[in-house]
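The values are calculated or read from the model by the stated rules, or taken from the named source; none is laboratory data. Source: prediction; values computed, not measured. Here the Cβ positions follow ideal geometry from the backbone for every residue, glycine too, while neighbour counts run over all protein chains shown. With ligands, DNA and RNA removed, areas are computed over all heavy atoms of the protein, side chains included. Shrake-Rupley method; radii C 1.70, N 1.55, O 1.52, S 1.80 Å.
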4 protein chains.
Amino acid sequence: MTSFPLSRRLASEALGTAFLVATVVGSGIMADRLTTDTALALLANTLATGAVLVVLITVLGPISGAHFNPVVSLVFALRRGLTLISTLAYIAAQILGGIAGTLLAHAMFELPLLQGSTTIRTGGAQWLAEVTATFGLIFVIFAGLRFRSEAVPWLVGLYITAAYWFTASTSFANPAVAIARSLTNTFAGIRPVDLPGFIVAEVLGALLALMLASWLLMEARNPQTLTETEPAA
Amino acid sequence: MTSFPLSRRLASEALGTAFLVATVVGSGIMADRLTTDTALALLANTLATGAVLVVLITVLGPISGAHFNPVVSLVFALRRGLTLISTLAYIAAQILGGIAGTLLAHAMFELPLLQGSTTIRTGGAQWLAEVTATFGLIFVIFAGLRFRSEAVPWLVGLYITAAYWFTASTSFANPAVAIARSLTNTFAGIRPVDLPGFIVAEVLGALLALMLASWLLMEARNPQTLTETEPAA
Amino acid sequence: MTSFPLSRRLASEALGTAFLVATVVGSGIMADRLTTDTALALLANTLATGAVLVVLITVLGPISGAHFNPVVSLVFALRRGLTLISTLAYIAAQILGGIAGTLLAHAMFELPLLQGSTTIRTGGAQWLAEVTATFGLIFVIFAGLRFRSEAVPWLVGLYITAAYWFTASTSFANPAVAIARSLTNTFAGIRPVDLPGFIVAEVLGALLALMLASWLLMEARNPQTLTETEPAA
Amino acid sequence: MTSFPLSRRLASEALGTAFLVATVVGSGIMADRLTTDTALALLANTLATGAVLVVLITVLGPISGAHFNPVVSLVFALRRGLTLISTLAYIAAQILGGIAGTLLAHAMFELPLLQGSTTIRTGGAQWLAEVTATFGLIFVIFAGLRFRSEAVPWLVGLYITAAYWFTASTSFANPAVAIARSLTNTFAGIRPVDLPGFIVAEVLGALLALMLASWLLMEARNPQTLTETEPAA
């Protein structure tokens, strides 16, 4: 953990998730108003989201770890010793922060504050996309922390930039953000009824990444093992 | 402060703000001429502005701190001891540099040098957007300087890249730039009569960020406090 | 080589090539569905591919070298002592991983898993483009490793970003990716019958780069030689 | 200078300028073929050019300094002691490399190899734009080398990204590239008869930047001077 007290760590998680969601939702609204080309709208949405992720993880990471995402907190709890209570508090802060982000975006764009999305995002293909998106995100975080921790903000921002396009679901990969996006009937929305499928898929993808990382990233046990495998190469 | 004499620090602030405004205004004119899609025009505007911010802050930061923004100078005066006279001189240099940037853009694009904008940007939602945009900018600068000062040029460039899209006002977040933009009746303009509302909102956002940063970024007072909070987690 | 056993190095190559191809193919499908403007589709395709390359090379490079490309493995075998068996195993892992990436993209976008592309990409100009694209890629990798190895992920991502646009073939530059792309009848496809021409061109470009690098990047032999050339300057 | 013999330094300048021009011209042709929206074409052109500049300066800078531009060689000759013969050889290599880049782009896109542009780019506003563009480029290079030399590839790539949009001339800022672009009647072209105006403007901008840099970037002469200026602040 960091050396900051829990109160500030939770404020950091809430603030970061709020800005992340305000960016996802707000840039979607802005883009949707300015163009009729959906690809162009998604491109603007992608650029804003990727950029803000690099910023938020850099400036808030030293305080709270900059999870902004319940499945990130979950896998860190499983692997790196975040306590159960801290984990639950982190997740609560992320969800509340995310909802505040949606409300802020609505207020800035003069939309009704409380909305429910009607955008259908469900079915096996969408869930596979969410498993894939979250698997990649969590693996990138673990491998980035292992090999080049100072680059993690860039890695996450760039990964999401790509994943907005290569996954059919535009890569939510984050239950707190998904919940917040269920409360906006704009470009970035998702029907509340579709949340459970997405969240299950995201947890599944995260656990698969954790399993793969446990094997692929583990330290070589001893030099002899290494020597034995080399001739095989 | 830096070790450069005030004369060169002021030249640096004027030069940087001039190039920043020339980029904001000039790229807006260029984009507006080349496309009828407003989202595409804003995308080009965003790309140019974000890129030039990284460059200008990197090359002029060592000379003057690369504020280019009266509210940045203001919060530095409040927190880091820029003297009153230096602060006023910085702000004057920024405003004059910004106006020069608008004139330069007009000259390059063969437009009348002196113009007044007729673009309406006012009302509570726009002001909320400016409070949000400036709050984020100032917080990112403080947190960036605290945790990873060499990354500040990138953080500011990427933050503004996102904020052009997630705030309804396209994130002016800078009174000197706002004044300069009131003098161009092109893509990036703002009516002179709408300036006071924007400037008040920007100062307010900056002060809120200063308050949050004072709490969220402060050093842990002593290890014992830290130990006490950990069990609470 | 790295200190990881061959089994994990092969898993890394397969995983990385799968994500690379899933990104190339998947972002092409997504973009093609959302817009009728082919340049915009290629722009989204470019952004996703460049971004994911930076990520994959950063997080998998320490494990397997992050070749993801048979011609990269080939030139490393020729220059840096990858054994013949390792090289062949790498290439097999890349081809299988690439095909898995195409299948994954099809599944996520609810398309028939098995397809054959009908997109014609052949002729002298296309082959020249592939020679050029691969020549540049391999030279950038060698020179990057020589002068600034920590920057190689960025260099490759940015090079491919440019090469998608400046080469008439959109820069496949990778036989494993080309094979995988022959199995999708979507935006990123290539007719299976056009593969041999592309692969020959890619190998040729790689060998040319190897030759140039051997001369241009070699160490100055001794200070005297250097002194002798300087007056000539 | 670097420790590489002149022959390889010249090869580096020719190779780099060739790839730079092939990117500028080739990406212009590609974009122009794929869309009818000129802003989108310029955006693709910008992205490719900015990206390739970062790559080329990083991998060839250690060999030849990565000027790729006669006015860069000129100001380095005036300030940093490149000999007259080396300077002339550099400029010749840049011009020949640039022309080769145009020919390569034409060959890859199946266009007649030898062409003359008919795109009119002349008049006071265009020349002012070129003075501005080159002034900024040279100042960024000098200030970047002074304060953060390892960032120069990024600074140049990002500066040109912005300058493509904020200058009315799309920022040629390079006589060798301008000559090469006069030989293509495609998106990036310039009429041969308009070359002299552009080249004079570029040299003028470079000399102005050299003058400003000599004052703004000079070392503080002695600590006493510094102490004297501080109270004035």
Accessible area of the protein assembly as shown belonging to carbon and sulfur atoms, whole % at 1.4 Å probe: 68
Chain C: relative contact order as a whole-number percent, Cα under 8 Å and 6+ apart: 27
Residue among B:P192, B:P112, B:P70 with the largest mean-square fluctuation in a Gaussian network model of chain B, springs linking Cα atoms under 10 Å: B:P112
Accessible area that becomes buried as A packs against C, both chains, 1.4 Å probe, Å², nearest 100: 3600
At least 15 Å along the helix axis (C-alpha) and Kyte average at least 1.0, DSSP helices within chain B: B:38-64, B:84-108, B:124-147, B:152-166, B:195-216
Gaussian network model of chain D, springs between alpha carbon atoms under 10 Å - residue of D:M108, D:M30, D:M218 with greatest fluctuation: D:M218
Residue with peak Gaussian network fluctuation, chain C [Cα springs, cutoff 10 Å], from C:T38, C:T119, C:T87: C:T38
Accessible solvent surface per residue of segment B:6-213, calculated while the other protein chains remain in place, 1.4 angstrom probe, Å²: 29
Teacher prompt: D:L113 distances to equivalent labels in other copies, 7 Å Cα→Cβ, nm: 5.0, 5.0, 7.1
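Would you list A:I85, C:I91 from the most to the least accessible area, probe 1.4 Å? Walk me through the numbers before you get to the answer.
On the way: A:I85 110, C:I91 40 Å².
Reading off the accessible areas and sorting them downward yields A:I85, C:I91.
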Dipole magnitude (debye, nearest 20) for chain C, charges at Cβ of Lys, Arg, Asp, Glu: 360
Estimated [θ] at 222 nm from DSSP helical runs (n ≥ 4, -39500 (n - 2.57)) normalised by residues in chain C, nearest 500: -25000 deg cm²/dmol
Distance between segment D:123-164 and segment A:60-87 - C-alpha centres, whole angstrom: 43
Principal axis dimensions, largest first and in whole angstrom, of segment B:54-154 by Cα: 44, 35, 29
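Is there a quick way to get the dipole size of segment A:1-110? I mean about its Cα centre, with the Cβ of Lys and Arg at +1 and of Asp and Glu at -1; what is the value in debye to the nearest 20?
Working: 5 positive and 4 negative charges, 96 e Å.
Dipole about the Cα centre, nearest 20: 460 debye.
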Exposure ranking of D:I95, C:I120, B:I160 by accessible area [1.4 Å probe, largest first]: C:I120, D:I95, B:I160
Label 7 Å beyond Cα on the Cβ vector: A:L84 copy-to-copy distances, nm: 5.9, 5.9, 8.4
Interatomic Cα distance distribution for chain C, bins of 10 angstrom, percent: 8, 32, 36, 16, 5, 2, 0
